[in-house]
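The values are calculated or read from the model by the stated rules, or taken from the named source; none is laboratory data. What you are looking at is a predicted structure, and each value in this text was computed from that prediction instead of being measured. Every residue, glycine as well, gets a Cβ built from its backbone with ideal geometry; the counts of neighbours run over all protein chains shown.
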Amino acid sequence: MQSAFAMQGVEGVHEISDPSVGLSGVVAIHSLRLGPAAGGCRMWRYADAGSLRRDAQRLAEGMSYKNALAGLPLGGGKAVLQRPEGDFDRARYFEAFGRAIEDLCGAYVTAEDVGTNVADMACVARATTFVAGLPTLGGQVGGDPSPWTARGVFLGLQASVERRLGRSLDDVAVAVQGLGNVGYALCALLHGAGARLVVADTCAEIARKAEAEFGAISVTPDRLLATPADVLAPCALGGVLDEASIAALQVKVVCGAANNQLATPEDGARLARKGVLYAPDYVVNAGGIINVAAEYLGWTPDEAARRIDAIPQRLAEVIETSERLGIATNAAADALACELIGGRQDESSTQDSALGAVVQ
Ligand code: NAI
């Protein structure tokens, strides 16, 4: 692994392209202060190069905060690829992506994200060692990070319910938005702990499966955010909590896996004013990246589990900081992360407005 010093000058956005396989996208490296930049590879259809680039930068910055607060010796980065139209040769495509990662000499370590999977990462690994989330043999750390993300969210949700409602999970109803890799695994854990579930997914078939397996009540996606429940767990897309959706919320706790749940930092203060405890997304959804880090850095499964199980403790620190400073929980998380990264809090517009989002 290279030192942060050796990699100076690499922070920024790197274009990657291989027309022979239809590869086009960027690797955004936000911070190398704590170590090599780690964050998944997202493959999605973007309207234009500008929106792809902006998404990559925003996601890379989020990874810097997430990795710092999770106590990982890693900086923040993200690869974002324009999904080719129609059929394409995935194996050749991801091997070419691996070559582009190799060219960054270890400044960026990739893994799965939306639109990519364990098999894709195995193709990346043919061209570079700067990759994790690879297929595993029994007992090793690695593979799909989603179950670990779900575990961290579950633990954070349990702690939030105890703190805000003074109740245990067998006495609450949780509305889960999105039943994909993380959302469905979260439902299994919540069901096992006795929680009642209200669910929604744009895919009706998976919602019916949750009804059959967990006794969940399914509602249409447009109704989920305003459904009466104790907890909302956003596990689909980012940006779902805005002025209108917050006004309609009928829950006391928001705790879920989706990245960038708040449409703007001010929405964190809106939630607080409404009396809703918001568990910041990147604090509770760090289980997956902790598992990826453990694989890449060679930690044992026990060490990975210990760090994932510490998510409620980190969440408590964030909530106590927000109470002490009278700021929203998202602003408190950003402030703590900035302290760890060593950056000034006015270095980014996101943090500017987050720290301005005082609760009262
Ligand atoms: P996924 O793609 O497997 O699942 C997303 C699910 O949401 C799909 O079933 C989709 O049909 C559903 N969905 C989309 N729009 C919806 C809507 N409007 N209403 C209801 N359902 C909707 O994704 P995955 O891996 O489960 O991730 C979920 C979220 O968690 C994403 O935002 C991701 O960035 C975030 N995340 C995932 C991690 C992981 O380890 N997989 C790690 C950290 C964050």
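Can you tell me which residue among Thr149, Thr128, Thr136 is more than 16 Å from the ligand (Cβ to nearest atom), in contact with a helix residue (DSSP H, G or I) (Cβ under 9 Å, 6 or more places away or on another chain) and of a type in the set (Val, Ile, Thr)?
Details: Thr149 fails: more than 16 Å from the ligand (Cβ to nearest atom); Thr136 fails: more than 16 Å from the ligand (Cβ to nearest atom).
After ruling out the rest, the residue left standing is Thr128.
Mind checking whether some residue in region 252-273 is without any contact (Cβ under 8 Å) to a residue 40 or more places away in the chain and surrounded by fewer than 16 Cβ atoms within 10 Å (Cβ to Cβ)?
Taking every residue of region 252-273 in turn, none turns out to be without any contact (Cβ under 8 Å) to a residue 40 or more places away in the chain and surrounded by fewer than 16 Cβ atoms within 10 Å (Cβ to Cβ).
What helices (runs of 4 or more DSSP H), lying completely within region 238-287, carry at least 2 residues that are closer than 15 Å to Thr227 by Cα?
243-248
Can you report the number of residues in region 188-219 which are within 9 Å of the ligand (Cβ to nearest atom) and either out of contact with any helix residue (DSSP H, G or I) (no Cβ under 8 Å at 6 or more places or on another chain) or of a type in the set (D, E, K, R) (or both)? Full working, then the answer.
Kept after step one, since they are within 9 Å of the ligand (Cβ to nearest atom), are these residues of region 188-219: 199-203, 206-207.
The next check asks that each one be either out of contact with any helix residue (DSSP H, G or I) (no Cβ under 8 Å at 6 or more places or on another chain) or of a type in the set (D, E, K, R) (or both); those that pass are 201, 203, 207.
Adding up the residues that qualify gives 3.
Residue-by-condition table, conditions (1) surrounded by fewer than 19 Cβ atoms within 10 Å (Cβ to Cβ); (2) at positive phi:
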{"site": "Gly9", "(1), (2)": "yes, yes"}
{"site": "Val13", "(1), (2)": "yes, no"}
{"site": "Leu23", "(1), (2)": "no, no"}
{"site": "Trp44", "(1), (2)": "yes, no"}
{"site": "Asp55", "(1), (2)": "no, no"}
{"site": "Met63", "(1), (2)": "no, no"}
{"site": "Leu74", "(1), (2)": "no, no"}
{"site": "Gly77", "(1), (2)": "no, no"}
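With respect to the numbered conditions (1) more than 23 Å from Asp222 (Cα to Cα); (2) within 16 Å of the ligand (Cβ to nearest atom); (3) in contact with a strand residue (DSSP E or B) (Cβ under 7 Å, 6 or more places away or on another chain), which one is the sole condition not fulfilled by Val176?
Only one criterion in (1) more than 23 Å from Asp222 (Cα to Cα); (2) within 16 Å of the ligand (Cβ to nearest atom); (3) in contact with a strand residue (DSSP E or B) (Cβ under 7 Å, 6 or more places away or on another chain) is unmet by Val176, namely (1).
Taking only pairs six or more apart or across chains, which ones have beta-carbon atoms under 6 Å, a first residue in region 89-116 that is aliphatic (A, V, I, L, M), and a second residue that is in a helix (DSSP H, G or I) and surrounded by fewer than 22 Cβ atoms within 10 Å (Cβ to Cβ)?
Every condition considered, the pairs that remain are Ala91/Cys123.
Look at Arg33 and say whether it is assigned to a helix (DSSP H, G or I), farther than 22 Å from Leu262 by Cβ and of a type in the set (Lys, Arg).
Values: assigned to a helix (DSSP H, G or I): no; farther than 22 Å from Leu262 by Cβ: yes; of a type in the set (Lys, Arg): yes.
No; evaluated as a whole, the condition is false for this residue.
Could you run through region 239-275 and say how many residues are within 16 Å of the ligand (Cβ to nearest atom), among the small types (Gly, Ala, Ser) and at positive phi?
Residues in region 239-275 being within 16 Å of the ligand (Cβ to nearest atom), among the small types (Gly, Ala, Ser) and at positive phi: 1 in total.
Of the residues that sit in region 325-356 and are farther than 20 Å from Arg33 by Cα and modelled with pLDDT of 50 or more, which one is surrounded by the fewest Cβ atoms within 10 Å (Cβ to Cβ)?
Result: Gly326.
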